[in-house]
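Trainee: Quick one: structure below, then a few questions.
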Amino acid sequence: MTDPRHVRLLIIGSGPAGYTAAVYAARAMLSPLLVQGIEPGGQLTTTTEVENWPGQVSIQGPDLMVLMEEHARAMGTEIVSDIITALDLSQRPFRATGDSGTVYTADAVILATGARAKWLGLDSEQSLRGFGVSACATCDGFFYRGEEIVVVGGGNTAVEEALFLTNFATKVTLVHRRDSLRAEKILQERLLKHPKIEVLWDHTVEEVLAAGDPAGVRGVRVRNVKTGAESEIPARGVFIAIGHAPASELVAGQLPLREGGYVSVEPGSTRTAIPGVFAAGDLTDDHYRQAVTSAGMGCMAALDAEKFLSALE
């Protein structure tokens, strides 16, 4: 086994929070090392049009993340394609183990692991994932050209997915368990005006229906939450867009977590309960959950880490 790699600052995660932290940390001459994780670029790599990033009227999510990675590299950040599978915060230097077998030790750590898509928890959903059930319209929408599609959810993600999928589908049915949407007003207006989209209010998906050999999606069975009546909606693709859960598994049992699994930080900072460990972005933010606020928290984390490391010296 090779000796552990020691760095002053280890950044775990490569979304807006991680890359922004890397830019600020590199400019502060902290020689940061960033481990990208299982999904380099984070959730924005599965997004289509981004229209709320300052300075960009419209940009594709993957393109934005490529630019952020290039910026971090240009400032001097070392970026590693690895996945941290274990993290020991019991003593400093902190110790992280990569899927590659590499062990990283660090005087300070910035956690920016983000969040992952939530699922409905249905057995039928699980068995058909990758065979008609997806949580990423930009990844899989192309496969359903000329077909009917169901999207489940009522927030920004669900509405954006539904609108995007109209590029391929003959019809998109949005299934929402409430009688109003949580999405931004401008997105709601686009959705409700779109001729290819139908909204099914006050309904939940009870089962994803399969057919064929090998099995594929043929529709969903839905239930009216007010009357209990059940019905079926034909569809070849089902896209789940009901939100995200923080990827806090690495620190569960080591750091205090709030309801939902979000890492707790001191108010007005990114400092966690362990000195030298900082958290930023969707891992800790259960309120705003925007790319631009994640980037802002990445900046805060780098500045907090710089202050901490300066005090150590």
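The values are calculated or read from the model by the stated rules, or taken from the named source; none is laboratory data. Not measured: the values here are computed from a predicted model. Quick reminder, even Gly has a Cβ in these numbers, built from the backbone with ideal geometry, and neighbours come from all protein chains shown.
Trainee: Quick check on region 87-144: of everything there that is aromatic (Phe, Trp, Tyr) and either closer than 24 Å to Ser31 by Cβ or free of Cβ contacts under 8 Å to residues at least 12 places away in the same chain (or both), which residue is surrounded by the most Cβ atoms within 10 Å (Cβ to Cβ)?
Mentor: Filtering first and then ranking leaves Tyr104.
Trainee: Shifting gears a bit: Which residues, taken from region 173-199, are buried (at least 19 other Cβ atoms within 10 Å of the Cβ) and assigned to a strand (DSSP E or B)?
Mentor: Residues satisfying the conditions are Thr173, Leu174, Val175, Ile197, Val199.
Trainee: Scan region 285-297 residue by residue and report those that are under 12 Å from the mean Cα position of the chain (by Cα) and hydroxyl-bearing (Ser, Thr, Tyr).
Mentor: Answer for region 285-297, where residues must be under 12 Å from the mean Cα position of the chain (by Cα) and hydroxyl-bearing (Ser, Thr, Tyr): just Ser294.
Trainee: Is it fair to say Val159 is of a type in the set (A, V, I, L, M, F, W, C) and part of a helix (DSSP H, G or I)?
Mentor: In short, yes.
Trainee: Go over the candidates Ser134, Ser180 one by one and state the one that is among the hydroxyl-bearing types (Ser, Thr, Tyr), closer than 29 Å to Thr227 by Cα, more than 17 Å from the chain's Cα centre (by Cα) and outside the structural domain of Gly15 (by TED's automatic domain parsing).
Mentor: Ser180
Trainee: Going by the conditions given, is Arg236 of a type outside the set (Ser, Thr, Tyr), touching a Pro at 6+ places or on another chain (Cβ under 8 Å) and surrounded by 13 or more Cβ atoms within 10 Å (Cβ to Cβ)?
Mentor: no
Trainee: Output the number of the condition that Glu198 fails; it satisfies all remaining conditions of (1) in the same structural domain as Ile84 (by TED's automatic domain parsing); (2) among the acidic types (Asp, Glu); (3) closer than 27 Å to Glu184 by Cβ.
Mentor: (1)
Trainee: Any idea how many residues of region 24-80 are more than 25 Å from Thr102 (Cβ to Cβ) and either in contact with a Cys (Cβ under 7 Å, 6 or more places away or on another chain) or of a type outside the set (Asp, Glu) (or both)?
Mentor: 20
Trainee: Does region 92-104 contain at least one residue that is among the aliphatic types (A, V, I, L, M) and either at positive phi or touching a helix residue (DSSP H, G or I) at 6+ places or on another chain (Cβ under 8 Å) (or both)?
Mentor: Looking through region 92-104, none of the residues is among the aliphatic types (A, V, I, L, M) and either at positive phi or touching a helix residue (DSSP H, G or I) at 6+ places or on another chain (Cβ under 8 Å) (or both).
Trainee: Related question: What number of residues within region 190-247 are closer than 30 Å to Ile83 by Cα and not aliphatic (A, V, I, L, M)?
Mentor: 4
Trainee: For region 1-92, please list each of the strands (runs of 3 or more DSSP E) lying entirely inside it that holds at least 2 residues being over 24 Å from Leu165 (Cβ atoms) and among the charged types (D, E, K, R).
Mentor: Ranges flagged: 5-12.
Trainee: Starting from residues that are over 14 Å from Ala21 (Cβ atoms) and in contact with a strand residue (DSSP E or B) (Cβ under 8 Å, 6 or more places away or on another chain), keep the ones in region 257-271 and report whichever is surrounded by the most Cβ atoms within 10 Å (Cβ to Cβ).
Mentor: My answer is Val263.
Trainee: On to the next question. Listed residues Ala17, Ala25; which is among the small types (Gly, Ala, Ser) and either more than 14 Å from the chain's Cα centre (by Cα) or assigned by TED's automatic domain parsing to the domain that holds Ala162 (or both)?
Mentor: Sole residue among the options that is among the small types (Gly, Ala, Ser) and either more than 14 Å from the chain's Cα centre (by Cα) or assigned by TED's automatic domain parsing to the domain that holds Ala162 (or both): Ala25.
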